[in-house]
Amino acid sequence: MSTMFPADYGDRVYAGVLGKLIGVYLGRPFEGWAHARILEELGPITSYVHERLGKPLIVPDDDISGTFTFLRAIEDAGYSETISSRDIGRTWLNYLIENRTVLWWGGLARSTEHTAYLRLASGIEAPQSGSAEINGKVVSEQIGAQIFIDGWAMICPGEPARAASFAERAARVSHDGEAVWAAIVVAVAESLAFIESDIETILDTAVSFIPPDSVIAGMIRRLRDLRRGGDDWYAAMRLLEDSYGYDRYGGGCHVVPNHGIVIMALLWADGDFDRALMIANTAGWDTDCNSGNVGCFFGIRNGIESISSRWRDPVGDRAFVVSADGASVVTDAARIADSVVETAHRLKQTEPRPVRPAFHFTYPGSVQGFSVRSGRGVVRNERRADATGLSIDAEPAEDGRAIVATRVFPDAESLSRGGYGLPASPAIHAGERVIARLTDAAGCRAAIAFSIPNGEGSDRWFTGPETVAEGAVELAWVLPETGQGPIAEVGIVLTPRDGDRARAVLTELSWSGTPNAELSPSLNPLSRPAWVNAVDAVETVPGGFRLVQNRGRGLLIRGARSWSSYALEADVSMHWAREVGIAVAVRGLERYLAVLMKPDGTVSVVRRDHGDTVLAEVRRPVQPDTTYRVVVSCAAGRLVATIDGEQIFDTEVGRVSGAVGLVTAEGTAEFRRIAVRPVVDGDKESDGVEVNP
């Protein structure tokens, strides 16, 4: 196994991720349409058509969320090259919230992924969970394995055998047979695209990893014969419709017809990104899935320069990767690429890469969702010998200020929109320290800014201490508690001299530290959706929440995987339940620490890692409908818990980090006066000034 990466590996991954996003967004508005209907109603697909169909462009989608969520199995398994299907299946259980995130929850023996999830949840581990033996041939050969395979390919640049091996292990969690072979072909092709441009050479290698007598291999041979014979792609489409169509391959969305479209796009695109997307989308069937794979392949193969601004500008890198890890739901192509590249390096145990800030703009053309939020103007990526960053040129609003920001929590419209669910947590909270670095600010007064939505479509902006930005300058601000709702956007505010435009280059923006925040719901209607809901029912009550869980254990989760050295505190009242409590170091639904109280008077410290390990236990009276003040701190490798001021536990847990959670199992409980506090107080800074542009 080579430990070398192509010199432009990071940029190629970014191009692949961006190509995936663009492909999905392009094809999603007419997903499921037949070829003839697309030609009749839309014509050849050469640009985004969402506005013509009255649909939004940037939406949560299983093709994106599954692709980049399931790859987290590598990190969760300790960056092991020998990660198994069983390990990857556990990642499904850790990050998927049943009926709410990532998948089409179409039901047992109807949705392949839902079927596999139900097998996993019942104790049937992968790869048996995806086998035709228990799920049937038709269900096990639907398209999902191919959809979610791009990430596994991108961690294996130029290493087709590794890509094939990872792809098979990932695919067999939910699929079997032809679906596995299709996933392997796509993964090998994308792996080779880092180092090889010739499509025939790529396909020769890709098919060598699957059985030659498989339907997928035979279909690829027939398509390649047509291409060599000089036929156009419409002739290839007729072959797919006549010999490999949905009438021959049943289920909701079989892999064989759709894999044919992916291969057709590769063969007839003449190496062109735009033409490849046109073919994949005009062909029809599962347009967003096919277009996503094709966009990823050609993004990797051709590089970022092949993706024009007409595709990039409307997207602005923006993405949702929806899972139980709520703080990473609102993301962008650059941060996704960083995660993929980091995974690849850690897997090969190369020299540690420098930690990048969340927003760094070093990928060519990246804007990471930033836009002018107050005032009028543009932002663009600028690459120079002395500075790379986000170039800002804006006319200030009437108050003399221009605000440039990006989202760290979904807007109200996205949260309320139908389709795939969007449980999320704000990425930034009060008490965390935000740092921004600027250059070329031309004497503007500059400050960090954040917004809190009012739930009615407008935002309230808060700004930190101002600095006159001459040359290069660093801004820093510990964000204050406002008590008004979740932080939705973060950025900078520029105040130029009278009559001037606001100009600067933002080279990076990041945040760190321990939150110091009230987490109980406020009057803001978005304060409830700021918690990731993995319980059967949640109601807002004065100062808190009522949680209902009918079977098993449910969690309401807030915060980020990076949180450490904090205490979670809450008033806890059990109406009646098998157990209630609060969790820390939450890294999914199956990985956390919790202090749990049971009605029989047992109070325990539990480490959850796909099963419970009791670390400590005491007997203490626990009465129904009685409120207990519970405080659990996790710092310096120890968990300390108090109930009504009495220390109950001081337990060694090792150095951990993660979000916080409220826990209820098989019953109903209430949690009020919820807050997260640093174990050691941090620096205090000015509360800044509130502005309402």
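The values are calculated or read from the model by the stated rules, or taken from the named source; none is laboratory data. Since the model is a prediction, treat every value here as computed from it, not as a measurement. Positions of Cβ are generated from backbone atoms using ideal geometry, with glycine treated the same way; all protein chains shown enter the neighbour counts.
Numerical summary
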quantity: Among residues of the range 648-667, those that are among the hydroxyl-bearing types (S, T, Y) and buried (at least 19 other Cβ atoms within 10 Å of the Cβ), counted; calculated: 1
quantity: Index of the failed condition, V478 passing every other in (1) surrounded by fewer than 23 Cβ atoms within 10 Å (Cβ to Cβ); (2) touching a Leu at 6+ places or on another chain (Cβ under 8 Å); (3) among the hydrophobic types (A, V, I, L, M, F, W, C); (4) in contact (Cβ under 8 Å) with a residue 40 or more places away in the chain; calculated: (2)
quantity: Near pairs, Cβ below 9 angstrom, 6+ apart or cross-chain, from the range 204-232 (touching a residue at least 60 places away in the same chain (Cβ under 8 Å) and farther than 13 Å from H259 by Cα) to any residue that is basic (K, R) and assigned to a helix (DSSP H, G or I); calculated: none
quantity: Count of residues meeting criterion [modelled with pLDDT under 95 and either closer than 30 Å to G123 by Cα or outside any loop (DSSP other than H, G, I, E, B) (or both)] in the range 607-646; calculated: 0
quantity: Residues of the range 540-561 that turn out to be under 24 Å from the mean Cα position of the chain (by Cα) and part of a loop (DSSP other than H, G, I, E, B), as a count; calculated: 3
quantity: Matching entry among A446, A442, A412, A424 (being farther than 29 Å from A567 by Cα, surrounded by 20 or more Cβ atoms within 10 Å (Cβ to Cβ) and not assigned by TED's automatic domain parsing to the domain that holds A560); calculated: A446
quantity: Number of the exception - G499 against (1) at positive phi; (2) modelled with pLDDT of 90 or more; calculated: (2)
quantity: Selected residue (criterion: modelled with the lowest pLDDT) from residues of the range 29-64 that are out of contact with any Cys (no Cβ under 6 Å at 6 or more places or on another chain) and buried (at least 24 other Cβ atoms within 10 Å of the Cβ); calculated: D61
quantity: Single unsatisfied condition, P157 versus (1) of a type outside the set (V, I, T); (2) under 28 Å from I304 (Cβ atoms); (3) in a loop (DSSP other than H, G, I, E, B); (4) more than 24 Å from the chain's Cα centre (by Cα); calculated: (4)
quantity: Yes/no for L71 being hydrophobic (A, V, I, L, M, F, W, C), more than 30 Å from E342 (Cα to Cα) and surrounded by 16 or more Cβ atoms within 10 Å (Cβ to Cβ); calculated: no
quantity: Close pairs (6 angstrom Cβ cut-off, 6 or more residues apart or separate chains): free of Cβ contacts under 8 Å to residues at least 40 places away in the same chain in the range 450-471, surrounded by 16 or more Cβ atoms within 10 Å (Cβ to Cβ) and part of a loop (DSSP other than H, G, I, E, B) anywhere; calculated: A469/A441; A469/C444
quantity: Any hit, the range 565-580, residues being under 25 Å from I487 (Cα atoms) and in contact with a Pro (Cβ under 7 Å, 6 or more places away or on another chain); calculated: yes
quantity: Options S309, S291: the member that is in the same structural domain as V17 (by TED's automatic domain parsing), under 26 Å from I263 (Cβ atoms), polar (S, T, N, Q) and at pLDDT 95 or above; calculated: S291
quantity: Any hit, the range 288-302, residues being touching a Pro at 6+ places or on another chain (Cβ under 9 Å) and either closer than 30 Å to Y249 by Cα or of a type in the set (G, A, S) (or both); calculated: yes
quantity: Unique match (being more than 17 Å from T67 (Cβ to Cβ), touching a residue at least 40 places away in the same chain (Cβ under 8 Å), of a type outside the set (D, E) and not assigned by TED's automatic domain parsing to the domain that holds D536) among A121, A116, A164; calculated: A164
quantity: Meets criteria (closer than 17 Å to E190 by Cβ and either free of Cβ contacts under 8 Å to residues at least 60 places away in the same chain or outside the structural domain of V59 (by TED's automatic domain parsing) (or both)) for A269; calculated: yes
quantity: Matching entry among S140, S165 (being crowded, with 24+ Cβ neighbours inside 10 Å, at pLDDT 95 or above and not hydrophobic (A, V, I, L, M, F, W, C)); calculated: S140
quantity: Residue list for the range 341-366, filter: over 21 Å from the mean Cα position of the chain (by Cα), at pLDDT 90 or above and farther than 27 Å from S306 by Cα; calculated: K348
quantity: Residues of the range 185-199 that turn out to be over 27 Å from the mean Cα position of the chain (by Cα) and acidic (D, E), as a count; calculated: 2
quantity: Residue in the range 18-27 that is in the same structural domain as G245 (by TED's automatic domain parsing) and in contact with a Cys (Cβ under 6 Å, 6 or more places away or on another chain) present; calculated: yes
quantity: Listing of helices (runs of 4 or more DSSP H) fully contained in the range 171-242 that carry 3 or more residues being of a type in the set (K, R); calculated: 215-228
